[in-house]
Each structure stands twice: as C-alpha cells, then as structure tokens.
Amino acid sequence: AGAVPLAKIFGAQLAKDPAEMLSIMIPAVALGNALSIVIAGLLDKLGKIKPSLTGNGKLMIVKEQETFQEEKRSPVDYKIMGSGLLMSLGFYVIGSILGKFFPQIHSYAWMIISVAVVKAIGIIPEKFEEGAFQWFGFVMTSMTTVLLIGIGVAYTNLGEVLNALTPQYLLLVSVTVLGAALGSGLVGRVVGFYTIESSITAGLCMANMGGTGDVAVLSASKRMELMPFSQISSRIGGAFMLILASTLLKFFA
C-alpha cells in the first residue's frame, strides 16, 4: 500500500514509468520486512537478558500498572462489515478530492490523514468503527495474498529487481531498518515508553510490509497485544513517508 503510491509519486516527479520505480522499491519492501522480523526476534531475546528495557508487552512506563479492560469485538456480521466497506470508500473519495486540490500530497496520504483526524475527534459511532475493523480483518486475511500476486505480475519487473540487489542496496536497507529500530527505541524511552516495545511498534512496524508485516513482527517478538499501536505506526508512518517523499522531490528532483 505504501510502495505503489510512492512509485507513482516518483514516476510523476521524475518523468519515469511507475512500474520501473516499483520494481526498484519492491526489494526494499521484501528485505526490510524480513530484516524487521529478524530484529524483532532478537529484541525479544534482549528483553529477557535486560528486563529493564521491556514492559513484556506493555508500551508505557507507569509507576502503578493500570488495569485495562479487554476490548470486546462483535461477531462477524455482513451488514456491519458492509458499513465498514462503505466508510472505507467514503474516506477514499475524501482523499481523492483533497488530492485534487492539494496535489503536493498524494491522495492516499490525505485519506489516511482524514481517517486519523476523524478518529481523534471521535465523531464516528462505535458500530461503524466495528464495521471498519471487520472489513479490515476480511481484507487482510482474504485478499493480501491475491494483491501481492497481482502486484508481482502486473508491476514487478524481475530484471529491475535483480539489478537493484547490489551490496550498496542491501546495506542501505539494513541501515534504514536498524536506524528506525534504534531511533524509535531511544526516543520512546525519552517520552516514557519501554525501549523494546517502542522499537518494535514505532520502528520495525513502520519499516515492514504493512499489516501482514505487523503480524509477523509481533509474532516474532511474542507481543501480539501491541497490534493497535503497530497499526497506528504502519498507517500514520506510511502517510508521513508519502508526504515527506512528495516534499523532498519538489526540492531535489
């Protein structure tokens, strides 16, 4: 979801075929995802060696642990799921409209920003949020593989992928993922988060392959309860990357 609009942004600014751009980015997505999973497993081991660095699945450092009630989810209902689909399409339209008026930022980024604003304000009824959650779960479990195959067949040039796999490229991806993990861990500690949990959610879950990558990273680190925070990192972090890419290309393209 991030690589496709990013490829379009680069293609438009550099006057190149977006498919060519995507072929260069796909190895970074795959390698970054694999490296994020490995680092997540290592961070879990580090937490057992240095217990002071981890909250064992809790993100925030608090003197007295607060008790949180587990969020109850409704059983799958097609009517509720349909409302989630309709709401998703509505936000897509909003993002597309804003993208027409403010083309400096990709419409996909506007869509995510609008969702974040509406969620922060809290104006959407809970039943519609449940519908969005059920629709997301359906797409993630049923369509991810199909979408990846479609992208691979329609957009990925294997020749470009092989040409991109150079030692410099591998080094760049490795340094990027390690930097994301280290930087988010250090900053997280400063603002009151556990180092390892902050590194996993804000760092690795932004450098992986989105929703499916979040599941793999949290499984490797044995911290599936951090999924809500990981989703925020993937969605908001992805939108920020699109905005950053659009801005930087204006100056350096």
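Values in this text are rule-based calculations from the coordinates and carry no lab data. Keep in mind that what you see is a predicted model, and the values were worked out from it rather than measured. Because the Cβ atoms are built from the backbone with ideal geometry, glycine has one as well, and the counts that use them run over all protein chains shown.
A few notes on this one:
- For PHE240 and ASP77, the FRET efficiency from 1/(1 + (r/R0)^6), where r spans their Cβ atoms and R0 equals 30 Å, is about 0.35.
- Taking MET143, MET209, MET81 as the candidate residues, the one with maximal mean-square fluctuation in a Gaussian network model of the chain, Cα springs under 10 Å, is MET143.
- Segment 106-140 versus segment 201-234: alpha-carbon centroid distance in Å: 18
- Cα-based shape type of segment 169-235, given that a ≥ b ≥ c are square roots of the gyration tensor eigenvalues and the cut on a/c is 1.5: oblate
- Cross-link partners of LYS100 among lysines (Cα-Cα below 19 Å; sequence separation of 8 or more within a chain): LYS8, LYS250
- Sum of side-chain charges, PHE91 neighbourhood, beta-carbon under 12 Å (Lys, Arg +1; Asp, Glu -1): +2
- Considering the chain at the alpha-carbon level, its Rg and Dmax are found to be 19.0, 56 Å.
- Highest-first arrangement of 87-98, 173-184, 28-39, where packing means the average Cβ count within 10 Å: 28-39, 173-184, 87-98
- Links that overshoot a 32 Å alpha carbon limit, given the list LYS119/LYS222; LYS45/LYS79; LYS127/LYS222; LYS16/LYS222; LYS45/LYS127; LYS58/LYS127: LYS45/LYS79; LYS16/LYS222; LYS45/LYS127
- Orientation-averaged projection of segment 1-60 equals 5.7 nm² [convex hull of Cα atoms, one quarter of hull surface area].
- Label-point separation, LEU178 to VAL191 (7 Å along Cα→Cβ), nm: 2.5
- Under 5 Å between amide hydrogens, built in the peptide plane, is the criterion, and for PHE193 it picks out ILE61 among residues at least 5 positions away or on other chains.
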